[in-house]
Amino acid sequence: MSKVFFVGCGPGDPDLITIKAKKLLQKADVVIYSGSLIPPQILKMCKKAKIHDASKLVREEIFDILRKNAKKGKNVVRLHDGDPTIYGAIREQMDNLHKEKINSEVIPGVTSFLASAAALGSQLTLPGVTQTMIITRAEKRTKVPKREKISELAKHRATMIFYLSVQLIDNIVKEAVAGGYPKTTPVGVVYRASWPDQMIITGTLQTISKKIKDQKITRTAIIIIGDVIKPKSYEYSKLYDKSFSHGFRKAKTNSKK
């Protein structure tokens, strides 16, 4: 049966593509890729494919290419930066393919917020600080539900991660503070995480807007807000504590035999 693969190729560094994704690209006949967000080294992995730049196409044109080639029995890949399931607009494509009796499969990829956390040297969930991450975007042309306003989400004081929003940093700061984050809360911003021109900016809610504007960053950046960026204190993991028992190890005691 016909099938289209929605493939995540990672955040930018070609070495961060999965083995499965690389194999699919090497045998693909047709690839539609996400414009300038896919590095040239990854496109070179498409050894025999006819490639199409999605940034120059509208929804109907993309779907038509996927449908026609899948129906012909060709190996078809819709190539996404990062991971296809995060702000990837794949649901609409998969549902339309299903109506045409064309199967689809999603191949996960390393997403940019993970590459950003790695660049910052941060652990996004930290015992004694937070065990929760909130991944969202600021509202502009794409609306968000009222219950997901930044000021509402900020009430949790968890690690907040923003995609597609760096140009709205002033509003993010305003809403985050209104929701309960102190102005001294650490913030990390990573521009083009894992690319050769990657840039890291750190500060606080009070200072980060100016720092971003000074560097003229207006797109392709991840914002991470939370004490995990620069924790004043945290707890050690229970998993490796000598007094903690679990299925693979008994707790060590100080008793002498």
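Only the coordinates and a few stated rules stand behind these numbers; no lab work does. Being a predicted model, the structure only gives us computed values, none of them experimental. A quick note on method: Cβ atoms are made from the backbone with ideal geometry, for glycine too, and the neighbour counts reach across all protein chains shown.
Table for the structure above
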| read-out | value |
| --- | --- |
| LYS20 versus MET199: modelled label distance in nm, points set 7 Å from Cα along the beta carbon direction | 3.6 |
| Taking only Cα atoms of segment 1-55, radius of gyration then Dmax in Å | 10.6, 33 |
| Computed lengthening from THR85 to GLN131, 0.36 nm per intervening residue step minus Cα-Cα distance | 14.4 nm |
| Percentage, to the nearest whole number, of Cα pairs in segment 99-218 over 19 Å apart | 52 |
| DSSP bridge orientation in segment 100-257 - percent antiparallel, rounded to nearest 5 | 75 |
| Choice from ALA21, ALA138, ALA89 showing the highest fluctuation, given a GNM over the chain with Cα pairs closer than 10 Å | ALA89 |
| Kyte-Doolittle mean at least 0.5 and Cα axial length at least 24 Å: DSSP H helices in the chain | none |
| Label point distance in nm, THR184-SER55, each placed 7 Å from Cα along Cα→Cβ | 4.2 |
| Ratio Rg/Rh, restricted to the chain and using Cα atoms, in which Rh is the Kirkwood radius | 1.06 |
| Relative contact order %, the chain, counting alpha carbon pairs below 8 Å whose residues are six or more apart | 19 |
| Förster radius 35 Å - calculated FRET efficiency between SER151 and GLN123 (Cβ-Cβ, nearest 0.05) | 0.85 |
| Full-stretch length increase - LEU239, LYS216 - with 0.36 nm per residue and alpha-carbon distance subtracted | 4.0 nm |
| Segments 32-42, 73-83 sorted - mean Cβ within 10 Å per residue, highest first | 73-83, 32-42 |
